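Q: The following block contains the structure, expressed as structure tokens.
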Amino acid sequence: MSLLQRLEKRNAPQETVMEQEKNYAKEEFKDKYGELKIKVHKEVIEILDKELKQNRGFSDNEIAKKVEEVINTILEREASFLPYSERQKISSEILDEVLGLGPIESLIRDSDVSEVMVNGPHQVFMEKKGKILLSEIRFRDDEHVMHVIEKIVAPIGRRIDESMPMVDARLPDGSRVNAIIPPLSLKGPVVTIRKFSRDPLKISDLIRFGSLIPSMAKFLEACVRSRLNIVISGGTGSGKTTTLNVLSAFIPHDERIVTIEDAAEIQLRQNHVITLETRAPNIEGKGAVTMRDLVRNSLRMRPDRIVVGEVRAGEALDMLQAMNTGHDGSLTTGHANSPRDILSRLETMVLMAGMDLPIRAIREQIASAVDIIVQQNRLRDGSRKITHVTEVLGMEGDTIVLQDIFTYEQTGIDPSGNIIGAHRATGIMPKCVDKFEAEGIFLPQDIFMK
């Protein structure tokens, strides 16, 4: 009986349907060397545990070399009947299991893969060059996925279990990880990894990718250097954090920068950087440190710049107050579909702080604090573009006035499905040019011409 026929059975309870899906996936995925791998893996761990206790001076490279030697020795004994190529493949998989993140380690190493999405043990998707594809990688079962999640969260002091079934974490290279497990996830443990490039991107890389054009890059560099407050808005996966990283590279090296994030992923090259990270509550539900706590604390740390990874709640009020009280040049990101939408979201987030403020007072705070909005979108072909660079001019009545300095105009789609379009200046001279010149930054006026 096919899965479709099973699912079409009438009056089948939901639990039964889900069990059928899981059993079908298990039937499809049968690792013929699964038992051998588990046996070798256990023996490797036992041997390593003894050796590392006796000698704690091994470097990471020495440990990796030792693990590989032990695996090959055991495979020679247990599976000498297998062809050499098969043994090498099994050895590589066990090595990834012991030292890396198991089956998905190959995707983590692949520089073309920007996102890894584990939807339960038998379905792993990846984003490659902007396109989401189903990979051939599989886990053995739910416990196998849980083991990998534990390897990610344990080193940074986070936990995940039935009492706390969601967690945000990071890999050693800064890649962002989110995991959610049953009973909240009905498909089994789900892991989403947003990878970071090993070498942080530069503004020249964004120009090469077509995310923006040189004239926009010059303008944004001038905005950062002249200490304008910038909000980068966009949808999930649109590249906001990447753009934040690139723009933060323009901050002078002699300034003290405090970064605040849920999971540290901002990569700054400056020398004087303090990185703060939120903390989840302990097993008793106490000890949590929120973004808002960290933003308030950062004001006592004598920062020249405050960089907030993402505002999503009441910390927006503290961030706006920081921008309005001498911490010019601050940067942050937020989820929104357009420059106008991010202003509405900021209003909502300020109200989430629990302060009973009139809407006009909130809008005045926003208009006074935010100077530039950079809108970034992920287009249908997978490309990421800065679609608007917008200046906030202030209040007119009860409305915040915006003007676009640069926009991206889509003109069509080519036969391969790629978006055709171009970045253009709107022809409006931004008012912040006066501030540039006061800081000794002079931009050619033709970059703002249509």
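The values are calculated or read from the model by the stated rules, or taken from the named source; none is laboratory data. Keep in mind that what you see is a predicted model, and the values were worked out from it rather than measured. Heads up, the Cβs are rebuilt from the backbone with ideal geometry, glycines too, and the neighbour counts pull from every protein chain shown.
Q: Within the stretch 360-413, which residues are closer than 19 Å to R424 by Cα, of a type in the set (S, T, Y) and surrounded by 15 or more Cβ atoms within 10 Å (Cβ to Cβ)?
A: S383, T387, T390, T407, Y408
Q: Tell me, which residue of the stretch 414-432 that is aliphatic (A, V, I, L, M) and in contact with a helix residue (DSSP H, G or I) (Cβ under 8 Å, 6 or more places away or on another chain) is surrounded by the most Cβ atoms within 10 Å (Cβ to Cβ)?
A: Among those that are aliphatic (A, V, I, L, M) and in contact with a helix residue (DSSP H, G or I) (Cβ under 8 Å, 6 or more places away or on another chain), it is A425.
Q: Give just the number: which of (1) of a type in the set (K, R); (2) closer than 30 Å to L443 by Cα; (3) not assigned by the TED database to the domain that holds G287 does R140 not satisfy?
A: Among (1) of a type in the set (K, R); (2) closer than 30 Å to L443 by Cα; (3) not assigned by the TED database to the domain that holds G287, R140 violates only (2).
Q: Additional query: Can you confirm whether the stretch 326-336 contains a residue that is part of a loop (DSSP other than H, G, I, E, B), among the polar types (S, T, N, Q) and over 26 Å from K385 (Cα atoms)?
A: No - not one qualifying residue is present in the stretch 326-336.
Q: In addition: Does the stretch 5-25 include one or more residues that are part of a helix (DSSP H, G or I), at pLDDT 75 or above and within 19 Å of M146 (Cα to Cα)?
A: Scanning the stretch 5-25, I find no residue that is part of a helix (DSSP H, G or I), at pLDDT 75 or above and within 19 Å of M146 (Cα to Cα), so the answer is no.
Q: Can you pull out every residue in the stretch 118-156 that is in a loop (DSSP other than H, G, I, E, B) and without any contact (Cβ under 8 Å) to a residue 12 or more places away in the chain?
A: Answer for the stretch 118-156, where residues must be in a loop (DSSP other than H, G, I, E, B) and without any contact (Cβ under 8 Å) to a residue 12 or more places away in the chain: just E136.
Q: Between R305, R340, which is of a type in the set (D, E, K, R), within 20 Å of D293 (Cβ to Cβ) and either touching a strand residue (DSSP E or B) at 6+ places or on another chain (Cβ under 7 Å) or not assigned by the TED database to the domain that holds L268 (or both)?
A: When all the criteria are applied, what remains is R305.
Q: Would you confirm whether or not the stretch 156-176 contains a residue that is closer than 24 Å to L379 by Cα and surrounded by fewer than 19 Cβ atoms within 10 Å (Cβ to Cβ)?
A: Scanning the stretch 156-176, I find no residue that is closer than 24 Å to L379 by Cα and surrounded by fewer than 19 Cβ atoms within 10 Å (Cβ to Cβ), so the answer is no.
Q: What is the residue count in the stretch 221-257 for residues that are of a type in the set (G, A, S), assigned to a loop (DSSP other than H, G, I, E, B) and out of contact with any strand residue (DSSP E or B) (no Cβ under 6 Å at 6 or more places or on another chain)?
A: 3
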